[in-house]
Amino acid sequence: MLTRYDAAFVRPRDRVAYLRDAVCASYVQLSCEITDPRDVRGAIEINHLSNLSVSEVSGSGGKVRRRPDDIRRASEEFFLLSLQLERAATVSQRGQTARLHPGDMAAYSSTEPYDLRMESDFRQLVLQIPKASLLLRVPNAELALGKRIDGASALGQLVGQSILRFGKHTADADATLNDQLADLLADLFATALTSVATGPIELKSSSRLLLLRAQAIIRHRFRDAEFDRIALAKSVGISVRRLNEIFATQQTSASEFIRETRLQMAAEELSDRRRSGLTVSDIAIRNGFGSFSHFSTAFRKRFEASPREWRRAGSHQVRKLRSTLD
């Protein structure tokens, strides 16, 4: 679904309030300040893909702030990634300030206060994803908040150009295609963060790239019940021993990472109202579990609740359960 807000079609005296409402409707509750009230310009075009949104924002410049009161009133949790397209902007969170020029990126979280400042005639692309989905991909994502991701670096260029390319696809009537595009953009978001988030052990660049490649393949193929560490090693092009050595630096194994990915995605789908038409067995099968009894046992061990209990608990209880397990 594509939604567009443009202050050009609003009376000048109403533009500040209009843009404030548009920003809050598109993202999260924020306070907004316009640099020059005499020159109020701004537009947001937002594309919703599955549980993720991609938007292009432009305007005459100003400041938006996420305050503690805004956070207390919120029920949803997101990570956001700003990709600067024109002019400059700053992103400040957790005592870090990233100054962005065209091509640069920075991530921030809706669950903590932040400030965004944009120069006049700025243009940005903003990627917004549920916090749980990104943490599944990058468990230490919060270490990257407020840090500049260099758009001139090889990784920065690759990720930025890919986000621009795939972010232009509008939502399709085919829900499967929308889900695949959303997953791809979430993977690109995660890849961007790995350049500034530090893990339990810093890998050499070659090993780090192999790890990223392996994780991306897992996220692409985990729904296949036949997919295991042997198939993963073959896809990556390394031995099973070398594969396990790389995952061991993250205090896990390839098999454990595959299983955890399946369980986390199954847990998300069980608490997703859009999946209410699927049975628990359907969700187990579509997330790579060939046996329902095996799925049920593994799920209870991981989340201390049965799949059916998890589904009945709903999103509020899910967050409460997750907080006790983290």
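Collect the residues in region 67-85 that are of a type outside the set (A, V, I, L, M, F, W, C) and modelled with pLDDT under 90, keeping them in residue-number order.
Those that are of a type outside the set (A, V, I, L, M, F, W, C) and modelled with pLDDT under 90: 67, 68, 69, 70, 72, 73, 75, 76, 77.
Report, by residue number, each residue of region 3-47 that is acidic (Asp, Glu) and out of contact with any strand residue (DSSP E or B) (no Cβ under 7 Å at 6 or more places or on another chain).
Those that are acidic (Asp, Glu) and out of contact with any strand residue (DSSP E or B) (no Cβ under 7 Å at 6 or more places or on another chain): 14, 21, 36, 39.
Test of understanding: among 236, 196, which residue is over 21 Å from residue 160 (Cα atoms), among the hydrophobic types (A, V, I, L, M, F, W, C), buried (at least 17 other Cβ atoms within 10 Å of the Cβ) and modelled with pLDDT under 90?
None of the others qualify; the one that does is 236.
If you go through region 16-33 one residue at a time, do you hit one that is polar (S, T, N, Q), over 27 Å from residue 51 (Cα atoms) and in a loop (DSSP other than H, G, I, E, B)?
No, region 16-33 contains no residue that is polar (S, T, N, Q), over 27 Å from residue 51 (Cα atoms) and in a loop (DSSP other than H, G, I, E, B).
Looking at region 51-91, what strands (runs of 3 or more DSSP E) fall wholly within it and have at least 1 residues that are buried (at least 23 other Cβ atoms within 10 Å of the Cβ) and of a type in the set (D, E, K, R)?
So the answer is 62-66.
Give 256, 268, 309 a once-over and let me know the one that is over 28 Å from residue 232 (Cβ atoms) and either modelled with pLDDT under 90 or of a type in the set (D, E, K, R) (or both).
Result of the check over 256, 268, 309: 309.
Being farther than 13 Å from residue 113 by Cα and not basic (Lys, Arg) is the filter here, so list the residues in region 81-91 that pass it.
The answer is 81, 82, 83, 84, 85, 86, 88, 89, 90.
Could you check, for region 235-246, whether at least one of its residues is in contact with a helix residue (DSSP H, G or I) (Cβ under 9 Å, 6 or more places away or on another chain), touching a residue at least 40 places away in the same chain (Cβ under 8 Å) and over 23 Å from residue 109 (Cα atoms)?
Yes, that holds for at least one residue.
With the requirement that a residue be over 22 Å from the mean Cα position of the chain (by Cα) and part of a helix (DSSP H, G or I), what does region 257-282 give you?
280, 281, 282
Within region 86-93, does at least one residue satisfy the condition of being touching an Asp or Glu at 6+ places or on another chain (Cβ under 6 Å), at pLDDT 90 or above and aliphatic (A, V, I, L, M)?
yes
Can residue 135 be described as closer than 26 Å to residue 65 by Cβ, at pLDDT below 95 and either outside the structural domain of residue 257 (by TED's automatic domain parsing) or not in a helix (DSSP H, G or I) (or both)?
yes
Take the conditions under 25 Å from residue 250 (Cβ atoms) and either free of Cβ contacts under 8 Å to residues at least 40 places away in the same chain or among the aliphatic types (A, V, I, L, M) (or both) and apply them to residue 268. Does it pass?
It is false that residue 268 is under 25 Å from residue 250 (Cβ atoms) and either free of Cβ contacts under 8 Å to residues at least 40 places away in the same chain or among the aliphatic types (A, V, I, L, M) (or both).
Out of 188, 184, I need the residue that is out of contact with any strand residue (DSSP E or B) (no Cβ under 9 Å at 6 or more places or on another chain), among the hydrophobic types (A, V, I, L, M, F, W, C) and modelled with pLDDT of 85 or more. Which one?
184
Could you say which residue among 17, 22, 7 is under 23 Å from the mean Cα position of the chain (by Cα) and in the same structural domain as residue 115 (by TED's automatic domain parsing)?
22
Looking only at region 1-38, count how many residues are farther than 27 Å from residue 131 by Cβ and touching a residue at least 24 places away in the same chain (Cβ under 8 Å).
9
The values are calculated or read from the model by the stated rules, or taken from the named source; none is laboratory data. Since we're looking at a predicted model, the values are computed, not measured. Backbone-built Cβ (ideal geometry, glycine too); neighbour counts: all protein chains shown.
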